[in-house]
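Enquirer: Here it is: the structure, laid out below.
Since every read-out is calculated from the coordinates, none of them should be taken as a lab result. On a predicted model such as this, the values are computed, not experimentally measured, just so you know. With ideal geometry, Cβ positions are generated from the backbone for all residues, glycine too; neighbour counts draw on all protein chains shown.
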Amino acid sequence: MKKIKIIEVKSEIGAGTRGAGMGPDAVRIAALDFGSTFFKRHESVEVPNENKLLLEPVTNDFAKRIKGIYSFSEKLADQVSAFCKEDGTFPIVLAGDHTSAIGVAAGIKMANPGKKLGIIWIDAHADIHSPYTTPSGNMHGMPIAAIVGEDNKEMQINKPDEETIEYWNKIKNLGGVSPKAPYDSIVMIGVRDTERQEEQLLKKHAVKNISVAELRSRGEERISVEALSALDSCDIIYVSFDVDSMDPEISKGTGTPVPGGLTEKEAGSLIYYLMRSRKVCCLEVVEINPTYDRENRMAENAFEIVLKATNQLINDF
C-alpha cells in the first residue's frame, strides 16, 4: 500500500491572472463540504511561495518574476525529492500555476538520478515556450521547455536581458540535470491551444499528443494503456494534470479556459487508470482558480479526481 503525502504549493507568480494560489485551499474547502477526512488522514506540507513579488514591478519582461520562480522551485524540488526518497511514499502536489512542474520534475530526478523520467502532461496547453519565444512573458507557459532544456532560438521573437538568461539557465539546470526528461519521454493528452513556436517543436520532436476526440473514440482505459506504453522505456512516470484540460462548460474555475476539453468524468477515469501503473510516482494538480468559479465547482471536481486516484493507489499497492 502506498503512503500518500500532500505537497501544497500556493504560488501564482507564473500566471497572468490572479487567484490560482488559492487553489489548494479551495480543494481543502471542497473536502470539508464533502465531509471528507482526506486532509486529516494524509500528511500535508506547504512549500513557501514568493507571491509577495506580485506587489512589485515586473523587471524581466520575457520571464516575469523569474527570480522568485527559481527560488520557490528550488524549495519545491527539495520537498518533492524528500518525499520521493521515502520508501512507499507517493506525493500528490496541489499547486497554483503550472510553473510548479519545474520543481516537481527536478525533485523527482534528484531522488532518482539514475532513472529515466517520463511525463504524462494532461493540459489544454503545451507550455513549451521559453523567454526567447513567449508572447506574454508568463512563466506558467514555460515548464515543459524548462524540463526538456529548450530555448527554441530557431523561432526567437524576443531578446531577453542577461539576468533573465542567467536565471533561465539556472531553472533549466535545477536539480543538477538537464534535460529532466527528453522529448521522447513526454506524452501530452488534451493539448489543443498552442502557438506556432510550440507547434514547430512538437512537430520537430514528434511529441505524442492524444486529442480529446481520440480519448472519446477509444475510451479512457485504452488511452491510459497507450500513454503508458509510449513511455515503456521510462523507469518512473509523473502525471501532471492541469484543470484547464477540462471543458470550461464544466466549470469556469481556471485562469486559462479552452473549449473542447475533457469532462470531469473522463479526466477522473483517465487518471484512475494511469494510477494503476507501478511506474507512476507522483501526481500533480494545478491551475484551480476559485476567483473565476461559481460555488467552488472546479475545486470539487479536482478533489473528486484526487480522491479517485488516491483510492486506486491505496487499494492496488
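Enquirer: Treating the Cα atoms of the chain as identical point scatterers in vacuum, please give the log10 of the normalised Debye intensity I(q)/I(0) at q = 0.13 Å⁻¹, two decimals.
Expert: Debye intensities relative to I(0), on a log10 scale: -0.86.
Enquirer: Go through 41-51, 66-76 and give me the packing order, highest mean Cβ count within 10 Å leading.
Expert: Highest to lowest by the protection proxy: 66-76, 41-51.
Enquirer: Calculate for the chain the 222 nm mean residue ellipticity that helices alone would give, adding -39,500 (n - 2.57) per DSSP H run of length 4 or more and normalising by residue count, nearest 500 deg cm²/dmol. Could you put the intermediate results ahead of the total?
Expert: On the way: 11 runs with 122 residues, N = 317.
Helix contribution divided over all residues of the chain: -11500 deg cm²/dmol.
Enquirer: What ranking of Asp161, Asp242 emerges when the number of other C-beta atoms within 10 Å of each C-beta is taken as an exposure proxy, fewest first?
Expert: Asp161, Asp242
Enquirer: Over the chain, calculate the relative contact order: mean separation of alpha carbon pairs under 8 Å at least 6 apart, over the residue count, as a percent.
Expert: On the way: 687 pairs, mean separation 71.8, N = 317.
Taking the mean separation of contacting Cα pairs over the length of the chain, I get 23 percent.
Enquirer: Taking just the alpha-carbon atoms of the stretch 57-216, what radius of gyration and Dmax come out, in angstrom?
Expert: For the stretch 57-216, the Cα-based Rg and Dmax read 15.3, 46 Å.
Enquirer: With 10 Å bins from zero, work out the P(r) of the stretch 90-166 over every alpha carbon pair and list the percent per bin.
Expert: 17, 47, 28, 8, 0
Enquirer: Starting with the fewest neighbours, write out Ser185, Ser136, Ser233 ranked by other beta-carbon atoms found within 10 Å of each beta-carbon.
Expert: Listing Ser185, Ser136, Ser233 from fewest to most nearby Cβ atoms yields Ser233, Ser136, Ser185.
Enquirer: Helix hunt in the chain: which complete DSSP H runs extend at least 24 Å axially by C-alpha with mean Kyte-Doolittle at least -1.0?
Expert: 66-85, 297-316
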